[in-house]
1. Can you list residue pairs whose Cβ atoms sit under 7 Å apart, with the first residue in segment C:82-99 being closer than 19 Å to C:L12 by Cβ and the second being part of a loop (DSSP other than H, G, I, E, B) and of a type outside the set (F, W, Y)? Count only pairs 6 or more apart in sequence or on different chains.
2. Would you confirm, using the coordinates I've provided, whether C:L115 is buried (at least 24 other Cβ atoms within 10 Å of the Cβ), within 11 Å of chain A (Cβ to nearest Cβ) and either under 14 Å from the mean Cα position of the chain (by Cα) or closer than 19 Å to C:V50 by Cα (or both)?
3. Can you name the number of the only condition in (1) within 14 Å of another protein chain (Cβ to nearest Cβ); (2) in a helix (DSSP H, G or I); (3) touching a strand residue (DSSP E or B) at 6+ places or on another chain (Cβ under 7 Å); (4) closer than 26 Å to C:Y213 by Cα that A:R38 fails?
4. Looking only at segment B:140-160, which residues are under 14 Å from C:E81 (Cβ atoms) and more than 19 Å from the chain's Cα centre (by Cα)?
5. Out of all the residues in segment A:447-476, which are within 7 Å of chain C (Cβ to nearest Cβ), assigned to a helix (DSSP H, G or I) and not aliphatic (A, V, I, L, M)?
6. Consider A:R398 carefully, then state whether it is within 15 Å of A:I340 (Cβ to Cβ), surrounded by fewer than 24 Cβ atoms within 10 Å (Cβ to Cβ) and touching a helix residue (DSSP H, G or I) at 6+ places or on another chain (Cβ under 8 Å).
7. Name the residue, out of B:E71, B:E126, that is outside any loop (DSSP other than H, G, I, E, B) and among the acidic types (D, E).
8. Where residues in segment C:194-219 are among the polar types (S, T, N, Q) and more than 9 Å from chain A (Cβ to nearest Cβ), which of them is surrounded by the most Cβ atoms within 10 Å (Cβ to Cβ)?
Amino acid sequence: MAVSQARRRFAAGGNSLLVSVLVVAAACVGYLLVDLHRLRVDLSADQGAALLPDTLTKLALLDRDATPVTVTAFSGQRGKQESYFKDRALRDLLDEVDFASQVVTVQFVDFDKERLTAEKLGVTDYSTVVVQRGGARVDIKDRELFKRVGKGEDRHLEFLGEKALDRAFAQLTAENHRVVYTLVGHGELDPDNHDLGGLSEAAAVLQQDDYKLERLDFIRQRDMAVPRVPDDAAALAILRPKVPIPALEEDLILAYLAGGGALVIAVDPESPVPSILGRLGVVIPSGRVLDKLLVFPYPDRPVPRYKSHPITRDLSEDSLVTVVSGVAPVQAAVPPLEGIRNTIVLETTRDGWIDRGGALKNGQGLYEPAIDGQGPATMAVALEVSRDSGLVKKGIGRVLIVGDSDLFTNGLLLEGPGNASFVLNSFRWLIGDEARISVIGGAKKARRLALTAEDGDQIRWLAIGLGPLLVLVLGVGVWASRRGR
Amino acid sequence: MIEVSRLTKAFGPRVALDDVNFTIQKGEIVGFLGPNGAGKTTTMRILTGYIPATAGIVRVAGYDVFDEPYEVRERVGYLPETPPLYPEFSVGEYLQFCAELRRVPKAKRATVIGDTMERVGLRGWERRLLGSLSKGYRQRVGLAQALLHDPSVLILDEPTSGLDPAQLAGIRELIQSLAGTHTVILSTHILSEVDALCPRAIIIDRGRVVAQGTLAELREQAPGGAWTYVEVRGIDGPRLGGLPGIARVEPLPTVDGWAAWCVRSSTDPRELLAGRAAAGDFQLRALERRAPTLEDAFIHIVGREGAQA
Amino acid sequence: MSSVTTIWKKELRIYAVNPTAYAFLSVFLFLAGLFFYLGVTLTGEASLRVLSSNLAIAELFILPMLTMRHFAEERRQGTLEMLLTAPISPWSLVIGKWLASVTLCALMFLGTCVLPIILAYYGNPDWGVVLTTYLGLLFVAGAFCAAGLLASTLLDDQLAAGLLGIAMLLPFWLISRAEALVGDDLALKLQPFGVLNHLEAFGRGIIDSADVYYFAAMTFTFLFLTYRSLESRRWR
């Protein structure tokens, strides 16, 4: 009897304190667990609140490296109305970066109040962001963060901070000296040639990212017992060989790819096609790519359309044209071979086609269904080759196949507004440096509320007066109706 | 219907109920009698499951109050000491809520509420706010609340307090009409209440059951049992007390110049007194044999201080 | 479930006929309007950011006052005895009362809907952000109402219960502003407990599972303690 009473008390009342403490503790532990795997839904317009996938990739790269990064943002000038937007936009960005990264510490500093911090960093302007990593440092200025867009009534401030921060991260993580080899010995484009058909300009473009362009000649590779692609190769370029590459050398190239290598292969109409392409499921049909949309006045320069790919992303955003000349069609297998992922990079418009001779009109080609191939025609395709293909043994092999070699040459690099970016981005992608490809989007609009004094008065009455008054009237009504019952 | 055995309740070091035992049969109306602070309200709260017992077993309507509280609660109607009312509600709104709370089926709610209001004499009071009701009407609404779901057991804590005599009669009649079908336990400290309503009573004092039984049984416990009331002239106390067979006399207030006495004796002294008076020994105006009152018994059982507290 | 609805309906009815509820509602709307007006004129921006953080603090003071009467008053009136001897579980009672309070809060927020409409008339607000802002405020309301209910079971005097509720919630607000009071390191460790820290992402349009959990856990914990406190009273 006494025992059962004791049990009852314990079950129903006596251990009340213990259970309560346990529940509180469980709630706290639960938070730690939830905090480990956060899920986020962004309901703001264009998902503008969360960071872009590219920024997240970059932050993940920073985390992997584990070198601490600090981001210090300074407030806008106090008293200026747009400073509220500037500060808030910066704070929100810092919060998101802080949330997404382990190694990045963020700090928002009131420029007016905390002069000391500003002086220590040598910052003299409002709305400046300082990014530091190791001994390196990048400053982002107000004008890189905010841009005035639109005209007249619609003129407003835009926040481009995410993009700017992204570039800063990329600058700070750049590694030194990686070698891009370009195959020679079969009449390929020559990196030391400074003429219009040479690659010297491309070498200069790659220098921007600290890539070095060097020749690779298997035959003259005397310092090696067995010829092979050197270990320090970041990528191998095969740019329009004029004679077929011997099978022995192709095997060396395949061996390089098997180790997770990166290849860019450019061909022209009627130039020999390396048999590697066949292994990758890519065919170069006869004919040349033409389009009604042409770079005036050249009949053989169709304007390529950028398909969605890291290489073309900022090109299509800035609408810069990559100029090509005399393009061979590139056809990737549909469906792709097992273990290979194809992405079209450059394509004609829907009016394009593969021209195989026939009539001309005003010196330009004409689409003749009987002999020509139907458009849109692909001009460049990017492949990601995984182990399932049997071609790669380690990691992912990346291959870019372009139906035109001219776009890499000095002549078109200087002429085409987008060519330099295309070349640089191509190698960035091949080498796995997407982090450097600048992010598009992520601009946040200031949602201005332009109020006249009259509007202000109206809002004051609507916001402060109306609601409370209505509720009070309602309350008095209810009270009166029930009084005296 | 209600079984209480070895019930003990302690609030910290203070023992409010100590080994209380009683049983109430189905259909009985039982008065729960005791001075204030004796433990009546505590017992009732334990019976309804509002507070748990420290020890002992309490079964109501066949279910253990502790183990199957919801079975018990469904079968019990409870009127606490202060009627549980929301002052901002009208009578109708309040009973509507109680009916929902007690899971009276929706279809039957209106009729049940109407009938119950009729029974407790609240007809036409639907729209009155509870906050504006007098004590008597509040008590009626509280009673209506307890009766709404037609419980088999009714536990009423001081159901008639604050009622005027006319209302009192009505409520008593109502409670009496429940006898047989409902088991009613009602607490009170007013003796006449028990006298009028309950065939049986349980007397509790300082947490203990000090007596229980039918009213006749309880009366018998009054000291000295039955006595004789006389009004006489021409005889004083010592002489009256000295008559043969008379144990003791106690003076009562004089009535119209006649001396009133309480005469106690082991046997009925009426024949003797009447004979003496007829013989001219003294003048006799009233001669009446009286049974002990419940009050006598109560005072005797709980002690004079207790009864007045 | 039906008993929860019964309690919920009853509580809403009591709110509806009680002039004090209207007074609080009106104060709430006034404050909301004021914060909105100040925020909009000072920042010149079509957003509810300024409103939401200030309104959360207003909730901290108003909601315990709205929930203080729940158990304290029932006990004083003796109605708690009726509810706890009715065939419903104390959980239904706690949940029903909490739901009623949260419903009232939702109605309060509905009353402030005129503010985003004003924004839409004069500017171009981000509706997704408006939605998450309100969602965040509702989460805050749920947690604060639960705390208010707990305070209401602890003290018999309703005003004292209201003040206790505010006192219980104040730390959750102050932690968000802890940097000024204690060192930076400690402030950083305490941050996960701060209410404003968890409201912040909602104000930007982001629903974060950790924030949702924070408010859900806070609500549940307070409701559980309310239930326990209600039960333990019967044991004393």
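1. That search, which allows pairs on different chains as well, returns C:M82/B:P80; C:M82/B:P84; C:A86/B:R102.
2. Values: buried (at least 24 other Cβ atoms within 10 Å of the Cβ): yes; within 11 Å of chain A (Cβ to nearest Cβ): yes; either under 14 Å from the mean Cα position of the chain (by Cα) or closer than 19 Å to C:V50 by Cα (or both): yes.
Here the answer is yes, as C:L115 does meet what is asked.
3. (2) is the only condition that A:R38 fails.
4. Taking segment B:140-160 first, the residues under 14 Å from C:E81 (Cβ atoms) are B:142, B:145-146, B:155-158.
Across segment B:140-160, the qualifying residue is only B:Q145.
5. If the condition is that a residue be within 7 Å of chain C (Cβ to nearest Cβ), assigned to a helix (DSSP H, G or I) and not aliphatic (A, V, I, L, M), then A:D455, A:G456, A:R460, A:G467, A:P468, A:G475 are the ones that fit.
6. Values: within 15 Å of A:I340 (Cβ to Cβ): yes; surrounded by fewer than 24 Cβ atoms within 10 Å (Cβ to Cβ): yes; touching a helix residue (DSSP H, G or I) at 6+ places or on another chain (Cβ under 8 Å): yes.
It is true that A:R398 is within 15 Å of A:I340 (Cβ to Cβ), surrounded by fewer than 24 Cβ atoms within 10 Å (Cβ to Cβ) and touching a helix residue (DSSP H, G or I) at 6+ places or on another chain (Cβ under 8 Å).
7. Numbers: B:E126 fails: outside any loop (DSSP other than H, G, I, E, B).
None of the other options fit; the residue is B:E71.
8. Taking the candidates together, the pick is C:T219.
The values are calculated or read from the model by the stated rules, or taken from the named source; none is laboratory data. What you are looking at is a predicted structure, and each value in this text was computed from that prediction instead of being measured. A quick note on method: Cβ atoms are made from the backbone with ideal geometry, for glycine too, and the neighbour counts reach across all protein chains shown.
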